[in-house]
Every structure is written in structure tokens, then in C-alpha cells.
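**Q** Okay, here's the structure, questions in a sec.
The values are calculated or read from the model by the stated rules, or taken from the named source; none is laboratory data. All figures in this text were calculated on a predicted structure; none of them were measured in a lab. Here the Cβ positions follow ideal geometry from the backbone for every residue, glycine too, while neighbour counts run over all protein chains shown.
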């Protein structure tokens, strides 16, 4: 694709969640830019493995799995904004308002990026809650990033993830830095009740305990970093979003 056509394709998508470098000099104006922190994440070995990216949105982590040599990558997400975990007070109007901001087709950014990158990642319409080995099989490596805070029942989603994980699970989630300092060992979480489609933001210990409650065994201490806000984020220039990344194995 010519650079001018690629730039036009990027501009045709109303909202980019991820900053993606699609070609030299052509990057998407994402809300979040994982490029500076991707090497800070504790990646398991993915070369030659069957891999899954849960809650892919524009596909940054799915394409990263492919770049690292995965044999097969499946990326799952929900297309319909109405299927998000909206709080009851915004359940009727929220999906329409989000569609005005992000466009009707949530998967458009993934499609454009996949074509530009010549990717073979397969995107499927599946909620994290509905992952089932009888439908998608099992995966050697599963990754999930920045999703649990948007779910009303994150442990239920993590249990579903465990059901399809036959090897390593890389969980990279938003954490509350203040709670992590005040309660470094005791699990805790801030409850937002669905504000801005955010429900639970745990401290670092809470993130670990959520994985354990879902039947995972966590390997090692994990890593912490801040994901920078990208060019498209309304609050660009502020400090990035604190994250904790853990690698776990199914224990049950």
C-alpha cells in the first residue's frame, strides 16, 4: 500500500486504541502507546507456539506475538459496544455515545492494521467470559492486557482464560499505585462502579490474588511500568497508566 493510501486508511478510523507503527513514518494516533514498555513485560517463550490475545482491540499484543515467532495467533474481542459491562445508569445511552466517538465498527482498526502489516493473526468475536476449549481449543501462551478493570466480574473472565490456557499466561493489568504503596502485601482494590466503564482497579497484590483465585499459579514477582498516553488520548502529556505484569500457569 502506498504511504499516502496507508495514511488515509489510518485517518478513516475514528478512534485508535493502540499506537501501531504500520510502516516507516506511519503510526496510528492511539490512546495508549505500548511501544516504549513492550520489552519491560515478562514475555514467556512464544516462538513456535499457539497463542491467544484476549481483548485485542486494535491488536498490538496479537501482532507482537506474531512478531516474536508464534506459530498461530488468535485474537478475540467483542464487536458490539452493547456487550460491554455497562453500569445500569448508562446501559441504554452508553453504547450509542461510544459508537459516536469510536465508530460503529470496533474491529476496523484491527482490520486496517492487519492488512498493512501483512499479518496472519485471526480475529474472532468472542467475549473473555465465553472462552471455551470446546470452541477454540487450548493455547500454549495466552496474553491479556488492560482488560480486567473494564469487567464487572474479572475473576470469572480469568477462570474462562484458564480453561483455554495449557501453558503460560501473561497478565498485564492496570493497578492502583497508591493502594500498592499503602498495602504492599495485602490484596486490595478500588471500586469505581462502572464509571468510564471501569469497575475494579486492584493494587499489585490484588492483581496477583485475582489470578490465584481464578486457579493460576503465579511465577515470580512480576514487573511494573506505566503505559504512556498516545497521541490520540485527550489527556496526552500526563503520566502514563500504572500496570503490573505477571506470568502464571494453570494450577487447577
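**Q** Return a yes/no flag: does the stretch 148-162 have any residue that is out of contact with any helix residue (DSSP H, G or I) (no Cβ under 7 Å at 6 or more places or on another chain) and crowded, with 20+ Cβ neighbours inside 10 Å. Give the derivation first.
**A** So in the stretch 148-162, the residues out of contact with any helix residue (DSSP H, G or I) (no Cβ under 7 Å at 6 or more places or on another chain) come out as 149, 152-153, 159, 162.
When the remaining residues are screened for being crowded, with 20+ Cβ neighbours inside 10 Å, the result is 149, 162.
Within the stretch 148-162, one or more residues are out of contact with any helix residue (DSSP H, G or I) (no Cβ under 7 Å at 6 or more places or on another chain) and crowded, with 20+ Cβ neighbours inside 10 Å.
**Q** Also, quick follow-up: Just to be sure before I move on: is residue 134 surrounded by 18 or more Cβ atoms within 10 Å (Cβ to Cβ) and not in a loop (DSSP other than H, G, I, E, B) in the structure I sent?
**A** Working: surrounded by 18 or more Cβ atoms within 10 Å (Cβ to Cβ): no; not in a loop (DSSP other than H, G, I, E, B): yes.
Taking the combined requirement at face value, the residue does not satisfy it.
**Q** If residue 190 passes every condition in (1) assigned to a strand (DSSP E or B); (2) touching a residue at least 24 places away in the same chain (Cβ under 8 Å) but one, which one does it miss?
**A** Status for residue 190: all satisfied but (2).
**Q** Filter the stretch 211-252 for residues that are farther than 14 Å from residue 42 by Cα and at pLDDT below 95; which is surrounded by the most Cβ atoms within 10 Å (Cβ to Cβ)?
**A** Selected residue: 236.
**Q** Looking at (1) free of Cβ contacts under 8 Å to residues at least 40 places away in the same chain; (2) crowded, with 17+ Cβ neighbours inside 10 Å; (3) over 22 Å from residue 41 (Cα atoms), find the lone condition where residue 208 falls short.
**A** Among (1) free of Cβ contacts under 8 Å to residues at least 40 places away in the same chain; (2) crowded, with 17+ Cβ neighbours inside 10 Å; (3) over 22 Å from residue 41 (Cα atoms), residue 208 violates only (3).
**Q** Could you check, for the stretch 198-212, whether at least one of its residues is touching a strand residue (DSSP E or B) at 6+ places or on another chain (Cβ under 6 Å) and over 30 Å from residue 89 (Cα atoms)?
**A** Within the stretch 198-212, one or more residues are touching a strand residue (DSSP E or B) at 6+ places or on another chain (Cβ under 6 Å) and over 30 Å from residue 89 (Cα atoms).
**Q** Within the stretch 226-252, which residues are closer than 17 Å to residue 178 by Cβ, under 18 Å from the mean Cα position of the chain (by Cα) and not in a loop (DSSP other than H, G, I, E, B)?
**A** Of all residues in the stretch 226-252, those closer than 17 Å to residue 178 by Cβ come to 226, 238-244.
Restricting the remaining residues to those that are under 18 Å from the mean Cα position of the chain (by Cα) gives 226, 240-244.
Across the stretch 226-252, the qualifying residues are 226, 241, 242, 243, 244.
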